[in-house]
Structure formats: structure tokens, C-alpha cells
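Derivation of every value follows stated rules applied to the coordinates shown; laboratory data play no part. Because the structure is a prediction, the values reported are computed rather than measured. Every residue, glycine as well, gets a Cβ built from its backbone with ideal geometry; the counts of neighbours run over all protein chains shown.
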Amino acid sequence: MSRRCDICGKGTQTGHNVSHANNKTKKVWLPNLQKIRVETPHGTKRLSVCTQCIKSGAVKKPSVSVKAA
């Protein structure tokens, strides 16, 4: 599974942890991805979407249908 948002394409970023002694070790920052059900023109799909896309309304969640008992 790739760590990439299916909507905006946001992915991992790399850099260094820098200690007080200026030692550098590699570091990876991961995007905050959530697997959610998204309504698409071809039906409902499960996608990995970053929380920024969810909050901005870039994805449409399917409406919940409640069955009466």
C-alpha cells in the first residue's frame, strides 16, 4: 500500500533529525491518511484520503441509509 493520498497526491516527506551535537539521522514524516468510503461517479469506493482533503470537503461521503426494523 502506498502512503499517498488518492485525492491530492500528498505523500511522505523526508529530512533529518538533528541532535544538539548536530548529528543527523534520517527521518520520515507520514501523511495522516484515513481509509474512508467515498462516493464516485462509478459507485462507492474505499480510498486512502488525507485528513486535509476530508476537512476541506474534497471528497463526498456516501449517504447513510437506515433500515427501519
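List the trypsin sites (Lys or Arg not before Pro) within the chain that fall in a DSSP loop (any state other than H, G, I, E or B) and whose Cβ has at most 13 other Cβ atoms within 10 Å. Show your work: numbers first, answer last.
Working: sites: Arg3, Arg4, Lys10, Lys24, Lys26, Lys27, Lys35, Arg37, Lys45, Arg46, Lys55, Lys60, Lys67; in loops: Arg3, Arg4, Lys10, Lys60, Lys67.
Here the sparse-neighbourhood loop sites are Arg3, Lys60, Lys67.
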Relative to the present Cα-Cα distance, how much length would full extension add between His20 and Ser2 at 0.36 nm per residue of separation? 3.1 nm
Determine, for the chain, the count of lysine pairs separated by eight or more sequence positions (or lying on different chains) whose alpha-carbon distance falls under 27 Å. 19
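Is it possible to state the helix-based mean residue ellipticity at 222 nm for the chain, with each DSSP H run of 4+ residues giving -39500 (n - 2.57), the sum divided by total residues, to the nearest 500 deg cm²/dmol? What is it?
Working: 1 runs with 6 residues, N = 69.
Taken over the chain, the calculation gives -2000 deg cm²/dmol.
Output the relative contact order of the chain, whole-number percent, from Cα pairs under 8 angstrom with separation of 6+ residues.
Numbers: 95 pairs, mean separation 19.1, N = 69.
For the chain, the relative contact order is 28 percent.
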Whole-Hz couplings from phi, Karplus 6.51/-1.76/1.60, listed for region 24-31; x for Gly and Pro: 10, 10, 5, 9, 10, 9, 9, x
Placed amide H near Cys50: partners under 5 Å, 5+ positions off or other chain: Asp6, Ile7, Cys8, Gln34
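In whole Å and largest first, what semi-axes does the C-alpha gyration tensor of the chain yield when each eigenvalue is scaled by 5 and square-rooted? Display every interim value, and only then the final one.
Numbers: eigenvalues 272, 28, 18 Å².
Equivalent ellipsoid of the chain: 37, 12, 10 Å, largest first.
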